[in-house]
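Single-structure report; data block below.
The values are calculated or read from the model by the stated rules, or taken from the named source; none is laboratory data. Worth saying up front: this structure is predicted, and the values here are computed from it rather than measured. Note that each Cβ is placed from the backbone with ideal geometry, even for glycine, and that neighbours are counted across all protein chains shown.
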């Protein structure tokens with residue numbers, strides 16, 4: 001593991017190396033994120049390549065741009081090479097078809113009616129799992145290549161501003177990357193496109209040119225910033241047969257797959273000296289909880305932001321694994337641990353839970369990861385996932401301040417990371433008291449949760 005630039009290591013198990021000289025720009029919540037993505041698509045010179053898991057019929061891009069397909073079709077009409085890899089659920093995951101553009105006869109008719117100029121391949125995951133990556137790549141292989149890596153679904157509930165005034169909203173994050181590490185997002189897309197499971201099926205492709213495979217990238221974009229970035233993935237061991245590696249990287253290990261996101265979480269939590277801040281949809285893996293327990297014993301400040309109202313997965317894991325339940329409840333015994341949710345005001349002035357869907361971790365105001373990977377067993381061991389991990393203290397500190405400004409409605413830029421996390425805990429506890437008293441006049445959005453009752 002690399003430790004020459006920080007006590008927080010990157011990992012050697014990734015197909016992709018750590019690359020110097022990147023710019024990284026966090027994009028918090030759906031409207032700012034999709035506005036910037038739309039702008040990048042509209043400025044594209046050669047290509048727009050996208051990986052999509054879910055796409056709701058009612059989803060529209062910001063500022064009256066129409067649906068995601070409207071935006072992409074307009075790019076294709078200008079001669080831009082637009083390619084989309086959509087997930088196709090299997091028998092085990094058929095319940096998730098409702099919000100997936102999975103290539104049904106109706107979906108094909110929609111493309112026919114709009115005379116869509118995009119090129120599509122549909123792709124299944126290992127049985128029972130999900131093609132869960134959400135990436136956007138602009139001008140692949142070009143001088144101005146840009147990548148967006150994150151977890152925001154094409155879901156109308158995701159279309160929110162920071163602050164979340166309204167009901168039924170989702171909190172989520174992307175990061176925009178420019179520089180050498182975009183080559184790895186490029187390589188990942190080419191690998192998935194070329195081996196998309198449905199590419200030979202009659203209903204497995206759409207669009208003229210969708211039958212052609214893509215060449216792998218052979219050159220690395222120039223340096224344009226100061227951030228170290230590593231693209232990391234979860235890939236099931238039987239997912240790909242093509243082991244071609246990226247420039248400066250290594251061939252994908254066909255026999256073992258890839259779990260570099262899990263390795264990175266473990267390494268970063270175990271290396272933390274001061275603070276760990278996590279936002280995630282789930283934390284249901286014992287190994288991660290045990291890592292957090294060790295960090296708390298070392299005196300590290302830990303704040304964990306989860307959906308205020310957990311779904312059935314948390315209950316299932318807690319009830320089926322006594323060891324997980326005991327470890328999870330034990331986190332709440334540490335004074336330096338905070339479990340929190342967020343809730344915004346609806347039109348009637350009532351507090352309503354905001355669904356936390358993003359997947360990020362910040363450590364010691366120096367290192368961060370953002371991507372599609374939940375901290376549950378599906379994402380860490382079976383889905384196809386992508387995260388971008390980066391080491392650049394100025395960016396990470398600013399990122400933390402922006403997140404806390406949203407959740408606390410306060411400026412924490414004058415605080416160091418430990419002081420800021422302690423302040424988060426204080427505000428969250430005070431808001432819990434207001435919640436219990438029926439008082440909606442909170443400081444910000446965050447309120448404390450009890451680990452023992454969270455399931």
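The figures follow:
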item	result
Odd one out for residue 60 among (1) touching a helix residue (DSSP H, G or I) at 6+ places or on another chain (Cβ under 8 Å); (2) within 26 Å of residue 218 (Cα to Cα)	(2)
Test result for residue 79, within 24 Å of residue 216 (Cβ to Cβ), free of Cβ contacts under 8 Å to residues at least 60 places away in the same chain and out of contact with any strand residue (DSSP E or B) (no Cβ under 8 Å at 6 or more places or on another chain)	yes
Which listed residue is within 15 Å of residue 384 (Cβ to Cβ), part of a loop (DSSP other than H, G, I, E, B) and under 21 Å from the mean Cα position of the chain (by Cα), from 239, 233, 192	239
So residue 404, is it part of a helix (DSSP H, G or I), in contact with a helix residue (DSSP H, G or I) (Cβ under 7 Å, 6 or more places away or on another chain) and at pLDDT 95 or above	yes
Matching option when the condition is farther than 25 Å from residue 261 by Cα and exposed (fewer than 14 other Cβ atoms within 10 Å of the Cβ), among 198, 202	202
Qualifying residue in region 142-151 (condition: in contact (Cβ under 8 Å) with a residue 24 or more places away in the chain, surrounded by fewer than 23 Cβ atoms within 10 Å (Cβ to Cβ), over 20 Å from the mean Cα position of the chain (by Cα) and on the phi > 0 side of the Ramachandran plot)	no
Qualifying residue in region 30-38 (condition: without any contact (Cβ under 8 Å) to a residue 60 or more places away in the chain, crowded, with 22+ Cβ neighbours inside 10 Å and not assigned by TED's automatic domain parsing to the domain that holds residue 406)	no
Residue check for residue 273: assigned by TED's automatic domain parsing to the domain that holds residue 406, within 17 Å of residue 262 (Cα to Cα) and outside any strand (DSSP E or B)	no
Test result for residue 164, assigned by TED's automatic domain parsing to the domain that holds residue 107, on the phi > 0 side of the Ramachandran plot and either buried (at least 24 other Cβ atoms within 10 Å of the Cβ) or touching a strand residue (DSSP E or B) at 6+ places or on another chain (Cβ under 7 Å) (or both)	yes
Answer residue from region 6-27, given it is over 23 Å from residue 246 (Cα atoms) and surrounded by fewer than 21 Cβ atoms within 10 Å (Cβ to Cβ) and is modelled with the lowest pLDDT among those	6
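Let's see how each residue does on (1) touching a strand residue (DSSP E or B) at 6+ places or on another chain (Cβ under 9 Å); (2) assigned by TED's automatic domain parsing to the domain that holds residue 340; (3) under 26 Å from residue 284 (Cα atoms); (4) modelled with pLDDT under 95:
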{"position": "400", "(1), (2), (3), (4)": "yes, yes, yes, no"}
{"position": "410", "(1), (2), (3), (4)": "no, yes, no, no"}
{"position": "417", "(1), (2), (3), (4)": "yes, yes, yes, no"}
{"position": "421", "(1), (2), (3), (4)": "yes, yes, yes, no"}
{"position": "430", "(1), (2), (3), (4)": "yes, yes, no, no"}
{"position": "434", "(1), (2), (3), (4)": "yes, yes, no, no"}
{"position": "440", "(1), (2), (3), (4)": "yes, yes, no, yes"}
{"position": "444", "(1), (2), (3), (4)": "yes, yes, no, no"}
{"position": "448", "(1), (2), (3), (4)": "yes, yes, yes, no"}
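Condition check ((1) in contact with a helix residue (DSSP H, G or I) (Cβ under 9 Å, 6 or more places away or on another chain); (2) closer than 15 Å to residue 119 by Cα; (3) modelled with pLDDT of 95 or more) across all residues:
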| position | (1), (2), (3) |
| --- | --- |
| 170 | yes, no, yes |
| 178 | no, no, yes |
| 187 | no, no, yes |
| 204 | no, yes, yes |
| 215 | yes, no, yes |
| 227 | yes, no, yes |
